[in-house]
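Just so you know, all these numbers are worked out from the coordinates, no wet-lab data involved. As the structure is a prediction and not an experimental result, all values here were calculated from the model. With ideal geometry, Cβ positions are generated from the backbone for all residues, glycine too; neighbour counts draw on all protein chains shown.
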Amino acid sequence: MTLQVFLPAAVFGLGQGAATPIFALRALELGASTAVAGVIIALSGLGMVLGDLPAGRAVSRIGERWSVVLGSALGAVGVVLCISAWNVTVLGVGMLLLGVANAVWGLARQSYVVSAVPIADRGRALSTLAGSMRLGFFVGPFLGAGVVHWVGLSGGLWVQLIAIVASGGLMATLPDGEIADGRGPVRSLASVIVEHRRLLGTLGSGALAMGASRASRTALLPLWAAHIGMSASTTSLIFGVSGAVDVLMSYPSGLLMDRLGRRAVAVPSMVVFGLGYLVLPLSTGTLTMGCVAVLLGLANGLSNGVMMTIGADAAPDGYRAEFLGAWRLTHDVGMFTGPIVVGVISGVAALGVAAAVLGGSAMLGAGAFARWTRRTIRGRPPRDR
């Protein structure tokens, strides 16, 4: 399974890491203002939100393998549009398609691992899956920078195009027998949401807070670094160290989930997120800023795979894919809205206020996981019973 799942995840993440710094520059190159460039980037998150529920239906109907092929095709079209865009509207359409492709890809990978791995090893498998993608995302900018140096601004996007095609080809080699999971009749998405509305509204609030905490980290830290006068090179170095801590925590996170239960990882990760955001306004120099970045990287790494694992534990037999699509939606709404909230609050108040709000929401998310994880997770390991 390593070559067929974890390696494609790393390759897919590498392409994303290479292209992510380029999208904003591509928008500026096409004449967009800084504000419009921010909106264009946010369209990728909107695409994930819009794609989560249809992704669940697609995986349920055509299986993981063909869903990956579909997601890869959508992603390839999206990148081609970004490369060849002649105005910001075309670039925005490309970003939206990339978001939808990410939703389909993510759900198909998760569904396959859940069906192929025993529940006793589920935490380690899913955290390693998430860590593989983050490892690629960590390495991607270095590869992209080299290609951009030789090819130009679109070089990072060409790396992503090749990575999408390659990772899709690797996942498409999954034998039909391995992806059969005993699916029952296809359920309507509305009926799945209504049936599980209590879980999605309670435990889902923790998932939403975690999504916001994760996404806002990459939006708020660079803004605060600029606010205290740090150079771009120093900021990049701090991000690199934070990213390394993130990746290194992937396997230990899964080990803790399998041995101590999901709650033992979800709650501490949100508490560390909250502490990191709450102390961010106190950082005034490189050393203190670096400590906060490492703290948030630790929180992000500790949370590796926990949302996928909790969702997999709660997913009912027979219509798992539809449920996972709804579950991922709660998290991805947070991913989409978190950076927007940072921008809005910092625009009307101050960055410190935005950090405090994020810290408070993370603590509320920790409370949600502490309150509802025990009672709602099905098929949980013994320590959570």
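Computed values, structure above
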| quantity | calculated |
| --- | --- |
| Cβ charges +1 (Lys, Arg) and -1 (Asp, Glu), total dipole of the range 189-385, debye | 620 debye |
| Likely footprinting exposure, 237, 43, fewest C-beta neighbours within 10 Å first | 237, 43 |
| Full-stretch length increase - residue 194, residue 317 - with 0.36 nm per residue and alpha-carbon distance subtracted | 42.6 nm |
| Residue (of 278, 80, 63) at the positive-pole extreme of the chain, dipole from beta-carbon charges | 278 |
| Dipole of the chain, positive end: most advanced residue of 315, 340, 223 [Cβ charges, Cα centre] | 315 |
| Using alpha carbons only: equivalent-ellipsoid semi-axes of the range 189-385, gyration tensor based, whole Å | 31, 18, 13 |
| Positive-end extreme of charge dipole, the chain - chosen from 97, 264, 244 (charges on Cβ) | 264 |
| Cα coordinate range in the range 1-174, projected on the principal axes (Å, largest first) | 51, 32, 24 |
| Compactness relative to 2.2 N^0.38 Å, alpha carbon Rg of the chain | 0.93 |
| Ranking of 64, 29 by count of other Cβ atoms within 10 Å, fewest first | 29, 64 |
| Contour minus Cα-Cα distance for residue 248 and residue 120 (0.36 nm per residue) | 43.9 nm |
| From phi via Karplus (6.51, -1.76, 1.60), per-residue ³J(HN,Hα) for the range 63-74 in Hz, x at Gly/Pro | x, 5, 4, 6, 5, 5, 4, 4, x, 5, 5, 4 |
| Residue exposure sequence - 170, 74, 248 - by fewest surrounding Cβ within 10 Å | 248, 170, 74 |
| Debye, to nearest 20: dipole size of the range 1-174, +1 on Lys, Arg Cβ, -1 on Asp, Glu Cβ | 280 debye |
| Total charge dipole magnitude, the chain, about the Cα centre, Cβ charges on Lys, Arg, Asp, Glu only, Debye to nearest 20 | 960 debye |
| Difference of contour (0.36 nm per residue) and Cα-Cα distance, residue 237 to residue 36 | 69.6 nm |
| Distance between the range 264-321 and the range 57-108 - C-alpha centres, whole angstrom | 27 Å |
